[in-house]
Structure formats: C-alpha cells, structure tokens
Amino acid sequence: MSQGDQHSGPQDIREQFAGFKQRIQSLGEAVTSAEATGVSADGLVTVRASASRGLFDLSIEPAALESGDNKALAESVLDAVQDASRLLRQANESKFAAMSEMVERLQSIQKR
C-alpha cells in the first residue's frame, strides 16, 4: 500500500466506493447475462443456458430420435446440460474472483 493510499481523504474514499459500486454492478450484470452452449459428447444434443434464463434452448438431431433409445437420448440431454453448466461456471469464475478482490479492497479501506 502506498503512502498516498494510507492518507486518503473522505472525498477520495467516496470516489473509490463509487467506482467499486459501478464495477460490482457491471460484473453482476455480466454474470446474469452470460450464456453458454453445451453439446453432448455424441454431438446429438445442443442446449443453450444462462444464469438468468436457465435452460432456454434445446436442439436434438433427428438421428437421436430415430434410434429409439430413450436412455441414450436422456444421457445426451444431461451431458449437454452439464456441459453448458460447466461453461457458465468457467465464464463466471473470473468475474467472481474480481468481485472478491474488490470486497477485500473495500474492507481494507474501511479499516483505515
């Protein structure tokens, strides 16, 4: 921490808080608007999902329906959903890390 940071005045602190608030709002919006496309391992099922809308699109290749294997189709759907969920988690990990860092910085400012 630099000497200038240790002696921030009330106006500087208010400005820092306002900046943090804006960044946190932007990150929150990015998290809720993130979308991911998941594909089953066999490539027969594709889903699209987001944090705010959940699963909102499902596409099944005709070959999956024609096979008549309901269990395999169910596994393909679950596989695609899990893939989309994994991709959403990965996309949002850096956003959550940035939020955590801002919270830590805010806590250090409050302790001054």
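The values are calculated or read from the model by the stated rules, or taken from the named source; none is laboratory data. From a predicted model like this one, the values you see are computed outputs, not experimental measurements. A quick note on method: Cβ atoms are made from the backbone with ideal geometry, for glycine too, and the neighbour counts reach across all protein chains shown.
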Just one listed residue, out of SER85, SER76, is touching a residue at least 12 places away in the same chain (Cβ under 8 Å), in a helix (DSSP H, G or I), over 23 Å from the mean Cα position of the chain (by Cα) and under 19 Å from ALA36 (Cα atoms), and it is SER76
Has region 22-36 got at least one residue that is free of Cβ contacts under 8 Å to residues at least 40 places away in the same chain, out of contact with any Pro (no Cβ under 6 Å at 6 or more places or on another chain) and of a type in the set (A, V, I, L, M, F, W, C)?
no
Can you name the condition, by its number, that ALA30 falls short on among (1) surrounded by 17 or more Cβ atoms within 10 Å (Cβ to Cβ); (2) not in a strand (DSSP E or B)?
(1)
Residue among GLN90, GLN25, GLN107 that is surrounded by fewer than 12 Cβ atoms within 10 Å (Cβ to Cβ) and more than 30 Å from GLY9 (Cβ to Cβ)
GLN90
In the set GLY9, GLY19, GLY28, the lone residue that is under 13 Å from the mean Cα position of the chain (by Cα), at pLDDT below 85 and of a type outside the set (D, E, K, R) is GLY28
Going through ALA18, ALA72, ALA80 one at a time, which residue ends up being within 29 Å of MET102 (Cβ to Cβ) and hydrophobic (A, V, I, L, M, F, W, C)?
ALA18
